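Everything below concerns the one structure shown next.
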Ligand SMILES: [Zn+2]
């Protein structure tokens with residue numbers, strides 16, 4: 001691997017300007033929108049697919065998981081446009097350079113390689129990174145012949161699988177917060193959640209608290225080893241929902257944000273059961289895991305939450321590290337009726353997950369065939385019976 005990386009660099013140096021440009025264009029033009037989507041997801045952009053366009057958080061100038069959704073990718077031009085700070089158009093190589101500049105602030109497995117090098121990157125570094133990310137072979141002396149092979153992107157899926165098998169060994173360290181102060185925060189009865197079915201015991205176990213300053217429910221996030229890596233708040237004030245129902249908590253002037261994609265909520269609690277049963281249920285929101293624990297008991301809890309409707313490499317790797325054999329996706333019902341525009345987008349996303357990971361692990365879905373769930377409901381929102389029905393009939 002290292003050898004071929006060196007080889008790429010040396011080759012890129014001796015390539016003439018025209019050849020290099022051609023090589024770059026070839027890589028760029030052959031990347032499918034799905035591959036760009038993966039790239040953005042892995043970099044913490046929480047991308048959303050919109051036909052032949054992707055909308056992502058502005059990871060070009062913000063750390064992962066932050067920034068507004070103002071970074072657009074257009075498949076017809078293969079270019080990104082940032083509508084805020086950068087207000088600029090750029091390709092995937094330039095985006096890589098931009099991310100690398102920010103990577104020093106955040107430890108993200110995706111840019112692990114980028115982070116370890118403190119020297120600034122230039123274009124050949126970015127090319128090397130993008131090529132190795134997608135498992136693209138470097139060009140060799142027979143450059144013109146090689147181009148035909150470059151069209152054969154099939155190889156990507158194989159490399160993807162190989163990449164994933166390696167993952168278990170990769171250790172990611174997110175910033176860990178001191179957790180002691182949480183003890184001093186109130187733990188009142190949260191009636192709105194109790195009414196929905198979450199028991200006070202489960203809330204206690206998850207260390208759910210209340211922040212009187214913001215009038216919000218405080219949801220600490222722990223990594224697989226029980227380190228506090230972030231805190232989110234669910235506001236109880238209707239007007240504040242505009243900023244987002246769930247936002248990073250600010251307590252005593254300190255912001256407890258973290259890149260949500262680099263963890264699975266509740267995995268610190270459900271990991272042993274997941275390891276024993278070799279199955280994990282992935283919900284979107286934290287609350288679904290609390291409901292699951294309330295209905296079926298902690299001793300049966302195999303649920304985690306992706307905290308978004310994407311499942312990225314890192315999260316799959318976390319589950320693989322628990323020897324999981326089946327991942328059961330229980331995302332919210334993000335469509336009004338089967339066949340509508342949202343349904344198409346929703347099923348596309350599920351197909352995408354299946355295509356990406358289906359060859360290395362069994363993926364099933366809690367699919368609402370019988371139309372029992374309400375719009376935007378999680379499979380567990382309407383009680384244990386409906387959940388069990390969906391679970392039994394998962395596809
Ligand atoms: Zn930007």
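The values are calculated or read from the model by the stated rules, or taken from the named source; none is laboratory data. This structure is a prediction, so every number in the text was calculated from the model and none was measured. A quick note on method: Cβ atoms are made from the backbone with ideal geometry, for glycine too, and the neighbour counts reach across all protein chains shown.
Assorted remarks:
- Residue within the stretch 22-36 that is at pLDDT below 80, more than 11 Å from the ligand (Cβ to nearest atom) and either in contact with a strand residue (DSSP E or B) (Cβ under 9 Å, 6 or more places away or on another chain) or assigned to a loop (DSSP other than H, G, I, E, B) (or both) present: no
Conditions (1) at pLDDT 90 or above; (2) in the same structural domain as residue 28 (by TED's automatic domain parsing); (3) within 20 Å of residue 37 (Cα to Cα); (4) in a loop (DSSP other than H, G, I, E, B), marked per residue:
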residue	(1), (2), (3), (4)
93	yes, yes, yes, no
99	no, yes, yes, no
102	no, yes, yes, no
106	no, yes, no, yes
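- Boolean, residue 373 is in the same structural domain as residue 285 (by TED's automatic domain parsing) and either assigned to a helix (DSSP H, G or I) or in contact with a strand residue (DSSP E or B) (Cβ under 6 Å, 6 or more places away or on another chain) (or both): no
- The single condition among (1) crowded, with 17+ Cβ neighbours inside 10 Å; (2) without any contact (Cβ under 8 Å) to a residue 12 or more places away in the chain that residue 340 does not meet is (1).
- Residue satisfying all of: in the stretch 56-76; outside any loop (DSSP other than H, G, I, E, B) and either surrounded by fewer than 18 Cβ atoms within 10 Å (Cβ to Cβ) or not assigned by TED's automatic domain parsing to the domain that holds residue 101 (or both); farthest from the ligand (Cβ to nearest atom) among these: 74
- Taken over the stretch 52-67, the criterion of being under 16 Å from the mean Cα position of the chain (by Cα) and without any contact (Cβ under 8 Å) to a residue 40 or more places away in the chain is satisfied by 54, 55, 56, 57, 58, 67.
- Test for residue 359: is it modelled with pLDDT under 95 and over 29 Å from residue 209 (Cα atoms): yes
- Breaking point among (1) surrounded by fewer than 15 Cβ atoms within 10 Å (Cβ to Cβ); (2) within 30 Å of residue 22 (Cβ to Cβ); (3) within 11 Å of the ligand (Cβ to nearest atom), for residue 98: (1)
- Selection within the stretch 205-253 - in a helix (DSSP H, G or I) and modelled with pLDDT of 90 or more: 205
Rundown of residues vs (1) outside the structural domain of residue 202 (by TED's automatic domain parsing); (2) in contact with a helix residue (DSSP H, G or I) (Cβ under 6 Å, 6 or more places away or on another chain); (3) closer than 19 Å to residue 198 by Cα, yes/no style:
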| site | (1), (2), (3) |
| --- | --- |
| 295 | yes, yes, yes |
| 301 | yes, yes, yes |
| 310 | yes, yes, no |
| 313 | yes, yes, no |
| 318 | yes, no, no |
| 322 | yes, yes, no |
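- In the stretch 265-272, the count of residues that are in contact (Cβ under 8 Å) with a residue 24 or more places away in the chain, part of a strand (DSSP E or B), touching a strand residue (DSSP E or B) at 6+ places or on another chain (Cβ under 7 Å) and more than 19 Å from residue 294 (Cα to Cα) is zero.
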